[in-house]
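Q: Have a look at this one before I ask anything.
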Amino acid sequence: MGTAPVLPGFAIKSVSSKADDGAWIKQTKAPGDIYAAPAGQSLKGQSVLTDAGNRVLMTWNKTDRDAVDKESFLRSIVDGMKDEIPRAEIIAPPVNFAASLLTQYTLTDAHLGALAWGEETGGGDYDLSIGEKLVVDWFAAAIAGSPASKRAVLAQLGDFLHHDSFKSVTPEHGHLLDADSRYPKMVRVAIRVLRRIMRMLLSKHELVHVVMSDANHDPAAAVWLREMFAVLYEDEPRVTVDTSPATYNVVEHGDVSLFYHHGHKRGIKDVDTVFVGKFRAIYGRTRFSYGHKGHKHSDELVTTNLMPVEQHATLSESDAYGSNWLSGRSAKAIHYHEKRGEVGRNIITPEMVADGILAANDNYKLEAAA
């Protein structure tokens with residue numbers, strides 16, 4: 001047949017000849033269409049097979065959803081900033097407040113986006129919408145039941161979101177998690193919840209300081225939440241956001257130092273030495289020091305030679321894995337006097353929020369201290 005015609009779907013690969021009147025023609029399959037990544041995918045990598053002359057013989061294209069998901073993720077953050085609530089504006093400060101007091105609103109392990117089925121866990125149901133309502137209602141009750149302290153600390157001690165990406169697994173160890181919703185929806189809810197909390201805090205307190213601790217379920221979320229809220233409230237002089245990427249945080253209030261850590265790196269019995277080692281100047285010039293952590297979803301207090309360290313319970317319900325351990329559900333608003341240390345606290349459980357009952361507080365101590 002010579003070189004013509006070439007078989008349909010094939011191309012000439014080589015021509016060998018020993019004489020003018022004889023030749024051997026080798027044909028191979030012709031190349032296909034121009035490659036394009038499937039819809040929703042992006043090119044992640046490419047493997048190439050070459051011959052001895054470094055000429056391309058074959059390629060393998062690898063695609064992934066990551067790039068597309070990242071774009072969707074970033075868009076969801078932007079949408080969350082616009083969702084339902086107007087952009088942050090200057091809020092009039094309260095007229096009356098106790099200048100010597102600081103109130104710490106302690107929230108840890110909210111696990112927004114977690115899924116709990118009460119019939120399976122032996123507790124109550126929990127999903128994204130339940131978590132959103134619970135956290136907002138808790139802050140409304142806690143703020144209403146707290147004194148008008150000059151300063152407030154939003155101590156969000158980590159694991160605010162149940163997982164940190166489109167895959168419902170823990171980032172470091174890949175443990176499978178019971179998840180309720182898509183990640184962009186979780187992001188929108190997280191932003192909406194925190195913005196509502198900030199508006200309530202600014203209406204009650206003259207100054208608001210925000211701590212968002214690094215944690216094991218949502219380390220990346222802690223980063224973008226810190227940076228985002230620092231920019232969002234950059235024109236609000238009454239708000240400061242701790243944007244430190246460190247795993248440990250501190251707040252100084254007169255003779256009081258408050259230390260924060262989620263608890264995934266150091267336990268309740270030895271985190272005090274890390275606090276002192278990292279913030280030795282602040283520790284040295286304050287008379288009262290208190291450590292706060294979460295992670296274990298249960299209350300515990302250890303008093304060391306350096307400070308009392310308190311482990312805080314969670315408001316969220318336990319998922320199937322967490323139901324293997326028993327823990328109470330509550331969160332605390334703790335009040336500190338700049339010269340006398342802790343002078344009172346409100347402990348509010350989910351049941352008290354649901355029933356419209358506020359926790360008994362220690363206002364008589366606060367009035368005497370002020």
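The values are calculated or read from the model by the stated rules, or taken from the named source; none is laboratory data. Worth saying up front: this structure is predicted, and the values here are computed from it rather than measured. All Cβ positions, even for glycine, are placed from backbone atoms using ideal geometry, and neighbour counts span all protein chains on display.
Q: Please enumerate the residues belonging to segment 179-216 that are in contact with a helix residue (DSSP H, G or I) (Cβ under 9 Å, 6 or more places away or on another chain), at pLDDT 90 or above and part of a loop (DSSP other than H, G, I, E, B).
A: Asp180, His205, Ser213, Asp214, Ala215
Q: Please determine, by comparing only the residues of segment 112-123 that are in contact with a strand residue (DSSP E or B) (Cβ under 7 Å, 6 or more places away or on another chain) and not in a strand (DSSP E or B), which one is modelled with the lowest pLDDT.
A: Gly123
Yes/no per residue for (1) part of a loop (DSSP other than H, G, I, E, B); (2) free of Cβ contacts under 8 Å to residues at least 12 places away in the same chain; (3) buried (at least 24 other Cβ atoms within 10 Å of the Cβ); (4) in the same structural domain as Asp218 (by TED's automatic domain parsing):
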residue	(1), (2), (3), (4)
Asp137	no, no, no, yes
Ala140	no, no, no, yes
Ile143	no, no, no, yes
Gly158	yes, no, yes, yes
Pro171	yes, no, no, yes
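Q: Quick test for you: out of Val231, Val241, pick the one residue that is assigned by TED's automatic domain parsing to the domain that holds Gln311 and closer than 24 Å to Ala142 by Cα.
A: Going through Val231, Val241 in turn, the sole match is Val241.
Q: Return yes when Asp255 is over 22 Å from Met200 (Cα atoms), of a type in the set (Asp, Glu) and surrounded by 19 or more Cβ atoms within 10 Å (Cβ to Cβ) and no when it is not.
A: Criteria not met by Asp255.
Q: Here's another thing I want to ask about it. So Ser244 clears everything in (1) without any contact (Cβ under 8 Å) to a residue 60 or more places away in the chain; (2) touching a helix residue (DSSP H, G or I) at 6+ places or on another chain (Cβ under 7 Å); (3) within 28 Å of Tyr336 (Cα to Cα) except one condition, right? Which one?
A: (2)
Q: Given the criteria in the same structural domain as Leu128 (by TED's automatic domain parsing) and closer than 30 Å to Asp137 by Cβ, does Ala313 qualify?
A: For Ala313, the condition - in the same structural domain as Leu128 (by TED's automatic domain parsing) and closer than 30 Å to Asp137 by Cβ - is met.
Q: What are the residues in segment 95-108 that are surrounded by 14 or more Cβ atoms within 10 Å (Cβ to Cβ) and either modelled with pLDDT under 95 or not assigned by TED's automatic domain parsing to the domain that holds Val231 (or both), if any?
A: Phe97, Ala98, listed by residue number.
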